[in-house]
1. For the structure I just gave you, tell me whether LEU118 is surrounded by 13 or more Cβ atoms within 10 Å (Cβ to Cβ) and either out of contact with any Asp or Glu (no Cβ under 8 Å at 6 or more places or on another chain) or among the charged types (D, E, K, R) (or both).
2. Does THR56 meet the test of being of a type in the set (S, T, N, Q), modelled with pLDDT of 95 or more and within 16 Å of the chain's Cα centre (by Cα)?
3. Residues of the stretch 69-110 being modelled with pLDDT of 90 or more, in contact with an Asp or Glu (Cβ under 9 Å, 6 or more places away or on another chain) and either assigned to a loop (DSSP other than H, G, I, E, B) or surrounded by 16 or more Cβ atoms within 10 Å (Cβ to Cβ) (or both), which ones?
4. Would you check if SER75 is hydroxyl-bearing (Ser, Thr, Tyr) and under 15 Å from PHE27 (Cα atoms)?
5. Please determine whether any residue of the stretch 123-130 is in contact (Cβ under 8 Å) with a residue 60 or more places away in the chain and touching a Leu at 6+ places or on another chain (Cβ under 9 Å).
6. What is the residue count in the stretch 37-68 for residues that are assigned to a strand (DSSP E or B) and closer than 15 Å to LYS104 by Cβ?
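The values are calculated or read from the model by the stated rules, or taken from the named source; none is laboratory data. No experiment lies behind these values; they were computed from the predicted model shown. Here Cβ is always computed from backbone atoms with ideal geometry, including for glycine, and neighbour counts include all displayed protein chains.
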Amino acid sequence: MVIIVLLFRINPSYAHASSKDHPEQKFEEKYAHDTYTAFMDSKHGFTVTKSHHLETAGVATYTHGQGGRVLGINSEMDALPGIGHACGHNLIGISGVAVALAAKAAMERLNNDGKVVLLGTPGWLWQDRAV
C-alpha cells in the first residue's frame, strides 16, 4: 500500500522524468542524466552524484538509519540509432526511479534501516549490441 500511495502522489512529476520523447544514443544521454539526477535530488531527497565515472552516468543514494540491507537498482537510459527507444530503456530507466522512490517510502514508513542505490547507466547498447 505504501508504494501505491507514493506513486499516485508523485504521478505528475514522475511522468515528466521519463526520457521517452528524448531518445539519446550511447554515452550521449545528457537529457536523461540531467532529468533523473535533478528529479532524485531536488524533489526526493536522495544524495546525487552526477557524471559518476562517465559524463552521463549518475548515482542517487538514500540511507535510512544505520546498517541494514542495500538495494541496488539499475536505470538504463540509451536508445538505438535511427529507431529510438525500441528496446524500452526509457521504461527501464523510469521504472528504476519508481522502485527507488517506493523503497525509500517503505523504509521510512516501516522504519527499516538500509540503503537504496539507484545507478543511472548510460551506453548499455554500446557498439549497437548489448554489453
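1. Details: surrounded by 13 or more Cβ atoms within 10 Å (Cβ to Cβ): yes; either out of contact with any Asp or Glu (no Cβ under 8 Å at 6 or more places or on another chain) or among the charged types (D, E, K, R) (or both): yes.
So LEU118 passes the test.
2. On the way: of a type in the set (S, T, N, Q): yes; modelled with pLDDT of 95 or more: no; within 16 Å of the chain's Cα centre (by Cα): yes.
No, not satisfied.
3. GLY96, MET107
4. yes
5. Checking the stretch 123-130: at least one residue is in contact (Cβ under 8 Å) with a residue 60 or more places away in the chain and touching a Leu at 6+ places or on another chain (Cβ under 9 Å).
6. 8
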